[in-house]
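To keep things clear, I will list the structure first and then write my remarks on it.
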Amino acid sequence: MACWLWVAWVAALGSRALVLAGGMLYPQETPSRERKDLSGLWDFRADFSEDRNQGFRERWYQSPLRETGPVLDMPVPASFNDVGQDAKLQNFIGWVWYERQVMVPQSWARDPGTRVMLRIGSAHYYAIVWVNGVHVAEHEGGHLPFEADISRLLRSDAGEPCRVTVAINNTLTPHTLPPGQIEYKTDRLRYPKNYFIQLTHFDFFNYAGLHRPVFLYTTPASYIEDISVTPEVAQSTGLVNYEIVVHGSENFELDVLLWDKEGRAVAKGTGARGQLQVPDAQLWWPYLMHEQPAYLYSLEVTLVVQTGAGTVSDVYTLPVGIRTVTVTHNQFLINGKPFYFHGVNKHEDSDIRGKGFDWALLVKDFNLLRWLGANSFRTSHYPYAEEVMQLCDRYGIVVIDEAPGVGIVQWESFGNISLNHHLEVMEELVQRDKNHPSVVMWSVANEPASWLPPAAYYFKTLIAHTKALDPTRPVTFVSNSRPEADNGAPYVDVICINSYYSWYHDSGHLEVIQLQVSTTFENWNQLYQKPIIQSEYGADAIPGFHQDPPKMFSEEYQKVVLQQYHLALDQKRKDYVIGELIWNFADFMTDQSVMRVMGNKKGIFTRQRQPKGSAFLLRERYWRIANETRHPHLAMITQCVENQLFYSLN
Ligand code: GCB
């Protein structure tokens, strides 16, 4: 299980951030680092034995997987569920085994000055890793990376192919994140022997496998372990506070250079911590809020270590956006200007790949977001791939970064075991994503049973811990509770509320939406005087179903639901409502149930990313809002709007 240790409290930005041991810098090729991508076909076997433990009894990690039984070709990254024709594998619960042979360059294996790391971007849910049969890592929780130092192992087998084995178990229990339960069906007249099913309390398919890239990468033996950057702005000067952790040497020099986009060095510093000053800094602005959104500097960190064998250096370059985030009682400010979230909720989900990372899909999704005029999304309901976050930085898409705390509804899931794990997950998430300018708020959970009494202590602790990890960003969780019953809401900075009026309640009654949305906003506002985001709303629409007057599941009904919400949002958005995120960007797969028609159809795009009628409605609205809220001195949105008109006419 991944676990970070506390090592120190350090000064940052005048507030103090809790610093964690162990970095999680994204593997990068630099003059001192190499990287090998292990994407491709892996050998695969699901352990169908009754107790799912045959693989451990027979030690499948000790010899090549194909020597202990039949194997399948399995693409990585991808979920294993939907690539085959076997329903048993699609719905499999238990241990699956992945294996891949890799040729490691001899220079990596033989050079004692080279550190070789194996890094897994995400393995859902519990993973154990062996290299050449030797246990090297264990990790609990999908959606977040983990790594192992395999240098010594490679040296003992230099020149031999290296065998990477990963066993992954997708079973969810009341203490996992997200939680779930295994239900054993013991009525032998109705179910076969040993029959069990996985119950979950969330609305997406529990895809599993090696979902993100697996890398081997190198660093020198003394290396830059971690970099933390916290920006500030003082008048027109950008201040970049940095903190660098070095591993492997006490005796080193650190040089820090900040480059602008044109390749000019604009500030420099030395030492493990400091502040860079950038006069007339170009700030990182969200998409559609500035003529040059998403301006990124590059922070080049060079470590120089004197060793017995001579001078060794390590270089790492981090993209840096200079921007500030502030929350008042009724506004969300980016760089001191009010920001209105007009965006979406997403899922990592697509045909065949399931939750597997795919560049083509990612670029398509970002092109759709920009077409839509969306300036933000929430990573509902778990952290997304690091490559997604990188594109958000580059395109100016603002992110509410959500932990996999979805479906926390049973009493058991509010106990200490769950809470401790949730604290660790927040540490891993903040450690991974803290340097992304696009991340403006952490969300610790979605729709927990926050009306239960233990939710008060749970969220108080969880939110305080997250703020200690990162004092520079607001923290929230997404609620579907009544305001007066919500035991977690007192601790959040921004109220995020989900509602489905005229869908799950008053089904078919479009006429009640506006009143119910307004009443809900007023009730929350009266109790808390905090800014509010409508963090989910929507309706299922089966693409191609038409009905006028509108009826549920038709494209027309989905559009009217949105329009009715918009009327209420427009009344309050100049006041204390600071955002609206449609549920959902695209249709996505769920468990089979009488509530779902081949998955959840609340997407404004189909699962294949084709627009439904509602996408055009939302597009018109988002561009209009962007235009209204533009900075008065900028002409650019008009230009953008003209461009998009140009695109739509062609
Ligand atoms: C919600 C959940 C989301 C569901 C959605 C729905 O409140 O947060 O995960 O998919 O409702 O469509 O029911």
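The values are calculated or read from the model by the stated rules, or taken from the named source; none is laboratory data. Because the structure is a prediction, the values reported are computed rather than measured. Counting neighbours? That spans all protein chains shown, and the Cβs are built from the backbone with ideal geometry, glycine included. Heavy atoms of the whole protein, side chains included, go into the accessibility calculation; ligands, DNA and RNA do not. Shrake-Rupley method; radii C 1.70, N 1.55, O 1.52, S 1.80 Å.
Against the definition (more than 16 Å from residue 214 (Cα to Cα), open to solvent by less than 10 Å² (accessible area, probe 1.4 Å) and acidic (Asp, Glu)), how does residue 47 come out, yes or no? Full working, then the answer.
Numbers: more than 16 Å from residue 214 (Cα to Cα): yes; open to solvent by less than 10 Å² (accessible area, probe 1.4 Å): yes; acidic (Asp, Glu): yes.
When the stated conditions are applied, residue 47 passes them.
Which ones in the stretch 156-173 are open to solvent by 20 Å² or more (accessible area, probe 1.4 Å), modelled with pLDDT of 95 or more and assigned to a loop (DSSP other than H, G, I, E, B)?
Those that are open to solvent by 20 Å² or more (accessible area, probe 1.4 Å), modelled with pLDDT of 95 or more and assigned to a loop (DSSP other than H, G, I, E, B): 171, 173.
Regarding the stretch 431-444, can at least one residue be identified that is among the small types (Gly, Ala, Ser), over 24 Å from residue 179 (Cβ atoms) and in contact with a strand residue (DSSP E or B) (Cβ under 7 Å, 6 or more places away or on another chain)? Lay out the reasoning, then the answer.
Our first condition is that a residue be among the small types (Gly, Ala, Ser); within the stretch 431-444, this holds for 438, 443.
Remaining after also requiring over 24 Å from residue 179 (Cβ atoms): 438.
Then keep just the ones that are in contact with a strand residue (DSSP E or B) (Cβ under 7 Å, 6 or more places away or on another chain); that gives 438.
Yes, some residue in the stretch 431-444 is among the small types (Gly, Ala, Ser), over 24 Å from residue 179 (Cβ atoms) and in contact with a strand residue (DSSP E or B) (Cβ under 7 Å, 6 or more places away or on another chain).
Sort through 369, 318 and tell me the only one that's more than 16 Å from the ligand (Cβ to nearest atom), open to solvent by 10 Å² or more (accessible area, probe 1.4 Å) and modelled with pLDDT of 95 or more. Before you say what the answer is, go through the steps one by one.
Working: 369 fails: open to solvent by 10 Å² or more (accessible area, probe 1.4 Å).
Residue meeting the stated conditions: 318.
Looking at 495, 578, 582, which is the one that is more than 16 Å from the ligand (Cβ to nearest atom), within 20 Å of residue 443 (Cβ to Cβ), in contact (Cβ under 8 Å) with a residue 12 or more places away in the chain and surrounded by 23 or more Cβ atoms within 10 Å (Cβ to Cβ)?
On the way: 495 fails: more than 16 Å from the ligand (Cβ to nearest atom); 582 fails: more than 16 Å from the ligand (Cβ to nearest atom).
Going through 495, 578, 582 in turn, the sole match is 578.
If you check 237, 218, 270, 186, which single one turns out to be β-branched (Val, Ile, Thr) and open to solvent by less than 30 Å² (accessible area, probe 1.4 Å)?
Details: 237 fails: open to solvent by less than 30 Å² (accessible area, probe 1.4 Å); 270 fails: open to solvent by less than 30 Å² (accessible area, probe 1.4 Å); 186 fails: open to solvent by less than 30 Å² (accessible area, probe 1.4 Å).
Sole residue among the options that is β-branched (Val, Ile, Thr) and open to solvent by less than 30 Å² (accessible area, probe 1.4 Å): 218.
From 535, 507, which residue is in the same structural domain as residue 601 (by the TED database), farther than 30 Å from residue 334 by Cβ and within 16 Å of the ligand (Cβ to nearest atom)?
Values: 535 fails: farther than 30 Å from residue 334 by Cβ.
The unique qualifying residue is 507.
Would you call residue 286 under 30 Å from residue 529 (Cα atoms), surrounded by 17 or more Cβ atoms within 10 Å (Cβ to Cβ) and in contact (Cβ under 8 Å) with a residue 60 or more places away in the chain? Talk me through it step by step, then tell me what you get.
Numbers: under 30 Å from residue 529 (Cα atoms): yes; surrounded by 17 or more Cβ atoms within 10 Å (Cβ to Cβ): yes; in contact (Cβ under 8 Å) with a residue 60 or more places away in the chain: yes.
Criteria met by residue 286.
I want to confirm something. Restricting to the stretch 514-525 and keeping residues that are in contact (Cβ under 8 Å) with a residue 12 or more places away in the chain and either among the polar types (S, T, N, Q) or within 16 Å of the ligand (Cβ to nearest atom) (or both), which single residue is surrounded by the most Cβ atoms within 10 Å (Cβ to Cβ)?
Top of the filtered list is 517.
Taking the stated definitions as given, is residue 136 without any contact (Cβ under 8 Å) to a residue 40 or more places away in the chain, in contact with a helix residue (DSSP H, G or I) (Cβ under 8 Å, 6 or more places away or on another chain) and outside any helix (DSSP H, G or I)?
Numbers: without any contact (Cβ under 8 Å) to a residue 40 or more places away in the chain: yes; in contact with a helix residue (DSSP H, G or I) (Cβ under 8 Å, 6 or more places away or on another chain): yes; outside any helix (DSSP H, G or I): yes.
When the stated conditions are applied, residue 136 passes them.
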